[in-house]
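Read the structure below first, then the notes.
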Amino acid sequence: MSEQTKQSDTYSWLPWAVAASVTILIAVSMAFLDVLPENISLMPWDRASGVDTMRAINEFSDGNIDMGNYWNARWWALGGIILFFIIGPSMWIFTEINNEKKPEPSDVLNKGLGWYVGTVLVALVLLYAVPGTAVKAYIFQNTWESADKSRTADQIRGDLLTMGLELSEQYYLSDGKVETLNLKHLNSKPNDAYTYVLEKDNQDSVMTVYGIGNIEVGNPEFKNANGQKGKMQLTLEVDPDGEIIQFVNENTNKP
Amino acid sequence: MKKIILWVGTGIVVTGVAFFIPSQTGSIWPSVIASSIAVFVYLIVLMVVMLPKITSGTKRKMMGWTLSLLIIGSAVSAAISYVSTQRQADTLSEIRYTIDSKVAELYVKKPMLKTLRAYHSEDRVDDSAIGSLFVQKYDSLITKDSLFAHEGIKDNKMLTIYLAKANQDSIVLITESSYIDGKNADYQNFSGARGQYQTKGILTTNGVHYERTN
């Protein structure tokens, strides 16, 4: 084996190390140094998500479904697909095939610009597709767990509002006889996945209704009004002689 | 060189055509999904045709695994982004429904209950009927075009409360949301709109009857 071939085998990892370093440099620059304009993501699905999130927020605030063209986002998405999934992998494969056909170069780093460009583009996508996807999956799980808790809180809050208003109505119609008021006698049908507890003193018109969810949130040692521990609990004060209903923070266990 | 230009050119044309087949208004997901399918097919064909031309077995396997990982990882990432976007839109819509439906209920029932309280109060000095009592109490909020302009919803442009009927013995308030779709798309709303969410609250001496009418 010639001296040149030996040297070439020993340092064959060097081009990969250079490509990996360039990839890390680009990835770090994109992540921390704001080298891209605001709200620009190179991956097409992130662009598509960004546009739909913006549309959903606009619809939420003004009620109109936005049917704009979003040409800027469209071109970025198409450009990203072409660059990372066509040009990058194609250059990598073709330059590898071509390099195999060439005689062993004296300089081990001399793989050609095409090889470096292709390898860096593939490595960038790989970085996004493997660790990036793992992080994304983790965030996805946490986000939707948190959204489910908020949904439960909203449903309980809605039920409490309806029950509180009806308790006040019953109070007026019964000439203020608090002792006759009972959640079971209300016409409103709250969500049966949750528990509601009415706390009252027959000498006082102010009543408290607790809504208890089936999920654990906040303080694990919290004592719920139905005897459970650590479950979500929202509290509504019903004051038929005052402001009628009012959500209060006392005795609550919220997300 | 010629070969790579031919492959890349074909890939760009196929992906570009797939991208522009769906409608180019609103969400860009249909275009992104169509072009992603096209580009994944391109990558698989590229691997099947070109990778066997690499003579080093180790290098061939490494490249094959890398590109497979790239396709699978990207597809999973795209799927997470898509599901997340859809859920986000659904959640926002659900939140808006919860807010508007409960705000409607609160701002219809609360003034009605306050009127009911005044009607049943032991301290009541006049003997007005419940309908008249409501109109006296909330006269400043009732506009010429029968809107019940409650302070609490003045900033909410998508929820309107109408005083649909006011007579001696009863009051009817109707709420209509321009954001929430009703159950029946052909339903004729109070404002003349069609298929929107609508509720009705009726106040009589027997109490408040509140129901969703669409």
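One table, with the values for the structure above:
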| quantity | calculated |
| --- | --- |
| Local net charge near A:L181, Cβ-Cβ under 11 Å (Lys/Arg +1, Asp/Glu -1) | 0 |
| Packing-based ranking, highest mean first, of B:155-165, B:24-34, A:114-124 given that Cβ atoms within 10 Å are counted | A:114-124, B:24-34, B:155-165 |
| Cross-link reach list, lysines versus B:K114, counting only Cα pairs under 29 Å and skipping chain neighbours closer than eight places | A:K177, A:K184, A:K189, A:K200, B:K102, B:K137, B:K144, B:K154, B:K157, B:K165, B:K200 |
| Integer Hz, Karplus 6.51/-1.76/1.60 couplings in order for the stretch A:46-58, x for Gly and Pro | 5, 4, 4, 5, x, 5, 5, 5, 4, 5, 5, 5, 4 |
| For B:S170, residues with placed amide H under 5 Å, excluding near neighbours | B:G131 |
| Semi-axis lengths, Å, chain B, gyration tensor of Cα atoms, sqrt of 5 times eigenvalues | 66, 17, 11 |
| Exposed-site-free run, longest, chain A (rule: GluC sites (Glu not before Pro); DSSP loop; at most 13 other C-beta within 10 Å) | A:39-220 |
| Per-pair calculated FRET efficiency, R0 = 35 Å: A:K101 and B:A79 via Cβ, rounded to 0.05 | 0.35 |
| Other protein chain Cβ atoms within 10 Å, averaged over every residue that makes up A:75-81 | 5 |
| Area projected by the alpha carbon convex hull of chain A, averaged over all directions, nm² | 22.6 nm² |
| Residues A:Y11 and B:L147, FRET efficiency given R0 of 60 Å [Cβ-Cβ distance, rounded to 0.05] | 0.15 |
| Spin-label model distance (nm) - B:D139 vs A:L83, 7 Å beyond Cα toward Cβ | 6.9 nm |
| Degrees between helix A:113-129 axis and first principal axis of chain A (Cα, 0 to 90, nearest 10) | 20 degrees |
| Net charge over other residues, Cβ less than 15 angstrom from the Cβ of B:P52 (K, R count +1; D, E count -1) | +4 |
| Shielding of A:240-247 by partner chains, average beta-carbon count, 10 Å | 2 |
| Around B:R87: net Lys/Arg minus Asp/Glu count, Cβ-Cβ under 14 Å | -3 |
| Partner chain coverage, peptide A:126-134 - average Cβ within 10 angstrom | 5 |
| Folded to 0 to 90 degrees: helix B:2-20 orientation relative to chain B principal axis, Cα | 20 degrees |
| Per-selection Kirkwood Rh - the stretch A:59-172 (Cα, Å, 1 d.p.) | 20.1 Å |
| Label-point separation, B:V125 to B:R60 (7 Å along Cα→Cβ), nm | 10.2 nm |
| Largest-first principal axis extents, alpha carbons of the protein assembly as shown, Å | 114, 53, 34 |
| Taking only Cα atoms of the stretch B:101-212, radius of gyration then Dmax in Å | 14.2, 48 |
| Sites B:N184 and A:N182, calculated FRET efficiency, Cβ-Cβ separation with R0 30 Å, nearest 0.05 | 0.30 |
| Rounded tilt (10° steps) of A:71-82 against the dominant C-alpha axis of chain A | 50 degrees |
| Whole-angstrom gap from the stretch B:1-51 to the stretch B:83-135, using each part's C-alpha centre | 54 Å |
| Cα extents of the stretch A:148-253 along the three principal axes, largest first (Å) | 40, 24, 22 |
| Hydrodynamic radius (Kirkwood) for the stretch A:192-255, which is based on Cα pairs only, to one decimal in Å | 12.1 Å |
| Inter-label distance, nm, simple model (7 Å from Cα along the C-beta direction), A:N191/A:N64 | 3.3 nm |
| Value in Å of the Kirkwood radius, where the stretch B:1-128 supplies the Cα pairs that are averaged | 20.3 Å |
| Sum of -39500 (n - 2.57) over DSSP H runs of 4+, divided by residues of chain A (222 nm, nearest 500) | -17500 deg cm²/dmol |
| Peptide ranges A:67-75, A:184-192 listed from the most packed, as the mean C-beta count within 10 angstrom indicates | A:67-75, A:184-192 |
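Computed from the coordinates by the stated procedures, all read-outs in this text should not be read as laboratory data. Everything numeric in this text was worked out from a predicted model, so none of it was measured. Note that each Cβ is placed from the backbone with ideal geometry, even for glycine, and that neighbours are counted across all protein chains shown.
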